Amino acid sequence: MDNPKHYIREIREAHEQLDHRALAHIEICPLCRSEYEVYRKIEHTVQHMPQYTAPLMLRDLILQRVIRPAYKLWHLFLGLTAAILSPMVLVYLDRSYQLIYMGDRAMMYTFIMYGVLVPGVIMPLSSMLFRRYRATIEHFSDNVDAFLEKHGQ
């Protein structure tokens, strides 16, 4: 054969699942054999690495970075500001311009909207702040417990 098929892509994708033709080719092809040996060494090294337990604080920091909410802090502050100011604006507009389309129930609609917006903004804000500072709070709590144990006796 003048132009033999190389199995580089197959080796990189799943070197442990190569068929007999690929393995026979690896025996005679230096390029494929060196690629195959690299992946075998990587697999062997990873399998024989010592097992270490990550500190809990590191785990929490990684989770904080990976699991981020879709909203930013300024989104929540803007929503909270809108939730607080919206009833005042509607009451002002109702008195000034007599919001006819809302009829006699303008105040009721205002406070229904206010009752929906505030929990919808405050709950994500408190959740986000708790997630962001949980590791710091737990670390502080552990330090206080250690201090109390040391000096409490």
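At a glance:
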{"quantity": "Of the criteria (1) modelled with pLDDT under 70; (2) in a helix (DSSP H, G or I), which one Pro69 fails", "calculated": "(2)"}
{"quantity": "Elements of type helices (runs of 4 or more DSSP H) contained in the range 1-47, each with 2 or more residues being under 39 Å from the mean Cα position of the chain (by Cα)", "calculated": "8-14, 30-47"}
{"quantity": "Test for Leu129: is it modelled with pLDDT of 70 or more, assigned to a helix (DSSP H, G or I) and touching a Gly at 6+ places or on another chain (Cβ under 9 Å)", "calculated": "no"}
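The values are calculated or read from the model by the stated rules, or taken from the named source; none is laboratory data. What you see is a predicted model, and the numbers here were worked out from it, not measured in a lab. Positions of Cβ are backbone-derived with ideal geometry, glycine not excepted, and every protein chain shown enters the neighbour counts.
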